[in-house]
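FYI, it's all coordinate maths here, none of it is from the lab. Quick caveat: nothing in here was measured; it's all calculated off a predicted structure. Here Cβ is always computed from backbone atoms with ideal geometry, including for glycine, and neighbour counts include all displayed protein chains.
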Amino acid sequence: MAKKSKKDRALTRRINEKLFPMLMARGVNSIYALSIGIDENAGSISKIKRGLSDWTIDQLDKIRDIYGISIDTMFGVEARQKKEGDTKLVKFRKVPLLGYAECGSSTAAWPDNASKVIEMSDVSVLVNPFILIAKGDSMRPYINPGDKLLCSEHQQKIKDNTAVVAVFKSMPDTFEANAKLISWDRKNKLITLYSINTKYPPTNHHENEFVKIYKVNRIIREVK
């Protein structure tokens with residue numbers, strides 16, 4: 001049996017660092033209490049806490065529904081709230097909403113293919129920002145189908161475990177962007193793309209396989 005990717009474990013540790021303190025604040029002070037609360041095996045939860053196994057989507061969904069801890073909070077995505085009495089002028093910028101991005105096209109040409117344009121604030125520092133609509137379940141529950149991904153060209157090194165949109169040279173007929181988490185071995189020019197949903201295995205690539213890699217700066221989710 002193939003060994004689990006170390007990066008999968010890194011993601012689990014990242015969730016644990018946020019999740020378990022929040023559970024304790026809600027009075028869930030032991031693995032046994034958590035296992036009873038979400039109707040899961042205590043041994044399985046123990047392995048996850050020790051970084052020997054990964055969370056499943058169903059487990060994270062149960063924690064969200066039962067304890068009111070949002071998926072974004074588990075992944076360390078902090079909500080931005082406008083302070084009361086803040087009278088600072090907010091500047092808006094038009095950002096193209098793309099149903100797809102044609103491989104090989106520069107982002108400067110993408111707005112011409114936009115299905116619509118959305119005015120947004122807090123994007124003035126982003127280079128060539130655009131929005132893509134997520135499809136598929138490989139990134140659930142961090143990114144769900146229908147979520148809008150605010151992406152841009154990155155000016156600095158993208159950190160490991162960051163969500164990105166990758167455009168491949170090898171798939172000229174594919175018009176759907178590929179949203180994944182990234183691990184970048186810059187010394188050897190190797191890139192690993194991996195999913196949160198562990199039923200999708202990581203894939204390894206050389207840097208020259210890509211036309212472009214864009215950073216996902218924000219996930220916009222409709223409240224139902």
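Under 18 Å from a point 7 Å along the Cα-to-Cβ line of Lys94: which residues of segment 115-145 have their amide N that close?
115-132
Under a 5 Å amide H to amide H cut-off, with H placed in plane at 1.01 Å, what residues pair with Phe168 once short-range neighbours are removed?
Sorted by chain and number, the residues that satisfy this are Val211.
Using amide H atoms built in the peptide plane, which far-off residues or other-chain residues are under 5 Å from Thr162 H to H?
It is Ile182, by chain and number.
So for each of 157-168, 119-130 I average, over its residues, the number of other beta carbons within 10 Å; can you give me the resulting order with the highest mean first?
So the order, starting with the most tightly packed, is 157-168, 119-130.
Can you compute the modelled spin-label distance between Asn128 and Glu17, with each label point 7 Å from Cα toward Cβ, in nm?
3.2
Along its three principal axes, how long is segment 6-74 when you only count alpha carbons? Whole Å, largest extent first please.
Extents along the principal axes: 30, 26, 20 Å.
Fully extended, how many nm does the chain gain between Ile36 and Lys159 (0.36 nm per residue separation, minus their Cα-Cα distance)?
40.7 nm
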